[in-house]
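As structure tokens, the structure follows; a few thoughts come after it.
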Amino acid sequence: MPLLHFYDRATIPGSLRLPLDAELHRLLVVRVDHLTAAGLLNMSEIIVISAETTEPELVAAIGFTPLIDLDGNRFGQTTSCPGLDYVARVSPSYDEAIIAVGNSGFAYHLLVHDDADADLVELCREQAA
């Protein structure tokens, strides 16, 4: 599955009509319900990352990679300080990494599948621990 990017009031609920596997569909239903109830649907983007997702695709979608910190250090270097605000295991095959941007309430919600880039999966597992 290629990178999926849901970025506004139309595409986020619209994601629920796509032919997705049952596990991802359930995750998206929960996210849409939660973001709607919290009044954050207009200030959130959901990005689904799988094995087919490349780092350049992720950068094109959100403007950066979570694998490089603000000082330019790549994850795995001893001085790297990842900018993930919240990470949790949310299903048998997905981690969710949330990156808040500024103080407005806007956030990227990365749903990272276990078969995604090994460094990104390791970052999520390390941060969730």
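Helix 118-128 and the longest principal axis of the C-alpha atoms of the chain enclose an angle of approximately 80°.
With all protein chains in place and ligands, DNA and RNA left out, the 1.4 Å accessible area ranks 45, 55 as 55, 45, largest first. Note on residue 8 and residue 106: their simple-model spin labels are 1.4 nm apart, each label 7 Å out from Cα toward Cβ. Taken over the Cα atoms of the chain, the convex hull encloses 105 Å³ per residue. Ranked by the mean number of other Cβ atoms within 10 Å per residue, highest first, peptides 98-108, 13-23 order as 98-108, 13-23.
Label positions at residue 98 and residue 40, each projected 7 Å from the Cα along the C-beta direction, are separated by 0.3 nm. Here the accessible area is traced with a 1.4 Å probe on the protein chains. For the stretch 20-79, carbon and sulfur cover 58 percent of it.
Dipole check for the chain: with +1 at the C-beta of Lys and Arg, -1 at the C-beta of Asp and Glu, and the Cα centre as origin, the magnitude is about 480 Debye.
Projecting the Cα atoms of 38, 75, 98 onto the charge dipole of the chain (Cβ charges, centred on the Cα centre) puts 38 farthest toward the positive pole.
The values are calculated or read from the model by the stated rules, or taken from the named source; none is laboratory data. Note that this is a predicted model, so its numbers are computed, not measured. Note that we place each Cβ from the backbone using ideal geometry, even for glycine, and neighbour counts take in every protein chain shown. Heavy atoms of the whole protein, side chains included, go into the accessibility calculation; ligands, DNA and RNA do not. Shrake-Rupley method; radii C 1.70, N 1.55, O 1.52, S 1.80 Å.
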